[in-house]
There are 2 protein chains.
Amino acid sequence: MKILGLSGSLRAASLNSAFLRMAAAHAPDGVMLVVDPAPGRLPLFNADLDAAPPDEVRRFRSAVAQADALVIASPEYAHGISGVMKNAVDWLVGDPRFVAKPIALVNTSPRAHLAQVALAETLRTMSARAVEDASVSVDLLGSGLDLSDVSQATDVRAAVDRMFVALAHACFPSMSVEHPDLPLT
Amino acid sequence: MKILGLSGSLRAASLNSAFLRMAAAHAPDGVMLVVDPAPGRLPLFNADLDAAPPDEVRRFRSAVAQADALVIASPEYAHGISGVMKNAVDWLVGDPRFVAKPIALVNTSPRAHLAQVALAETLRTMSARAVEDASVSVDLLGSGLDLSDVSQATDVRAAVDRMFVALAHACFPSMSVEHPDLPLT
């Protein structure tokens, strides 16, 4: 199972990016999560280029198409989706390969929720499939954790495990996901 | 009175850009509307660069600061703000010169309204001042007008005039705006 991770924040110390890196490092056997730097590399969306897009857009669309599922971890800026993430999503509108794609929406700052709601609405409009059980909230902002500590936090690891199990179930209902840290209750 | 126009669409035949060009051409005496190409030129927002931003960001912030008001005409993509426009706005978050800036939000496709609502919420969060009387809806998408016809449509011209009068009043309550096409009723 191949999962593509997308962060909506470009800052080096982004909690969203840290979450994705940590999740990638702790993916269960048989699951690979690759964090794609595309959101920070894509050009600004221009509908005139939609049919014959620049190389980076073509590569991004192909990576999304080939992934069994996406994990989107994106911050809230001024009560809205980050422009970086919305721009990446805008390039996927109308791509038939995006339809029904299972997506986990991760919120690393649960006090903010408007951007999550708006992003879920956009993805629903695009006929993607936000997987509710895989859409975890972990309060990394409020945790005061150093980025290197994130993977040591039991609740964060448990949330990551829940996310993978739910995504795997969404992609392959009959698949058994093995993971040493998998919460059994 | 100096007004900065920002379009959230980069396509050449954008109705939002067409509206802004038309408004610029029909600004009343004493009012200058300049359409700023910044939304299509800004880099993707990165909080790490916020304090010492690239030249284009610096120029954009300065142009916004020097404008008495803004006119934002932006499309709705998949029930959300265009990434292009949100990215431009993200670069203004926290700029004290943006606080209380009068803004007209133009909707050229009134059947869509979620992006307008989301953008208004973001601007409110940033303590800008969306001027309700200046925020006009003109159904350019449904009008079937050729772009060159836009300025010939009486209702569109009337909406533009209303917008300028309301913005002028918001900026300078005692200012008298003279315009041959100004609706007097």
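List of remarks:
- Net charge of Cβ neighbours under 13 Å - reference B:Asp68; Lys, Arg +1; Asp, Glu -1: +4
- Largest first and in whole Å, the equivalent-ellipsoid semi-axes of the stretch A:31-82 read 20, 19, 9, each the square root of five times a Cα gyration tensor eigenvalue.
- Here the extension length gained between B:Ser137 and B:Gln152 equals 3.7 nm, from 0.36 nm per residue of separation less the Cα-Cα distance.
- Positive-end residue of A:Ala25, A:Leu167, A:Ser135, charge dipole of the protein assembly as shown with Cβ unit charges: A:Ala25
- Counting only other chain Cβ atoms within 10 Å of each residue's Cβ, the peptide A:81-93 averages 6.
- The phi-based Karplus calculation (6.51 cos²θ - 1.76 cosθ + 1.60; θ = phi - 60°) puts the 3J(HN,Hα) values of the stretch A:119-130 at 5, 4, 5, 4, 5, 4, 4, 8, 6, 7, 10, 5 Hz, whole numbers, x for Gly and Pro.
- Label-point spacing at B:Val99 relative to the other copies reads 4.9 nm, in ascending order, each point sitting 7 Å out from Cα along Cα→Cβ.
- In straight-distance terms, cross-link reach from B:Lys2 covers every one of the lysines whose alpha-carbon lies under 24 Å from its own, apart from those fewer than eight places away in the same chain; here that gives B:Lys86, B:Lys101.
- Shown here is the pair-distance distribution of the stretch A:10-105: with all Cα-Cα distances grouped in 5 Å bins from zero up to the longest one, the shares run 2, 12, 22, 25, 20, 13, 5, 1, 0 percent.
- Partner shielding of B:110-120 amounts to 2, given as the average count of beta-carbon atoms from other chains within 10 Å of each residue beta-carbon.
- Solution diffusion estimate, µm²/s, Stokes-Einstein, the stretch A:2-171, Kirkwood Rh from C-alpha pairs, 10 °C, viscosity 1.306 mPa s: 100 µm²/s
- Label 7 Å beyond Cα on the Cβ vector: A:Ala25 copy-to-copy distances, nm: 5.9
- Averaging Cα coordinates gives a centre for the stretch B:3-68 and one for the stretch A:147-166; these two points are 42 Å apart.
- Fluctuation leader among A:Ser135, A:Ser82, A:Ser174 - chain A, Gaussian network, Cα springs under 10 angstrom: A:Ser174
- Helix A:15-25 and the long axis of chain A differ in direction by around 70°, with both axes built from C-alpha atoms.
- Mean residue ellipticity (222 nm) of chain A, computed from DSSP H runs ≥ 4 via -39,500 (n - 2.57), nearest 500: -10500 deg cm²/dmol
- The stretch A:55-153: C-alpha pair distances exceeding 20 Å, %: 40 percent
- Degrees, to the nearest 10: A:55-66 long Cα axis against longest axis of chain A: 50 degrees
- Reference-scaled alpha-carbon Rg (2.2 N^0.38 Å with N residues) for the protein assembly as shown: 1.07
- Rh by Kirkwood over Cα pairs, then Stokes-Einstein D for the stretch A:54-104 at 1.567 mPa s and 4 °C, µm²/s: 109 µm²/s
- Dipole moment magnitude, nearest 20 debye, the stretch A:2-171 about Cα centre, only Lys, Arg, Asp, Glu C-beta charged: 200 debye
- For the stretch A:2-171, the relative contact order is 24 percent, taking Cα pairs closer than 8 Å that sit 6 or more residues apart in sequence and dividing their mean separation by the residue count.
- Amide H to amide H distances under 5 Å link A:Val35 with A:Gly5, where only residues 5 or more positions off or on other chains count and H is placed in the peptide plane.
- For peptide A:160-170, the mean count of partner chain Cβ atoms within 10 Å of a residue's Cβ comes to 0.
No lab work stands behind these numbers, since they all come straight from the coordinates. Computed from a predicted structure; not experimentally measured. Positions of Cβ are backbone-derived with ideal geometry, glycine not excepted, and every protein chain shown enters the neighbour counts.
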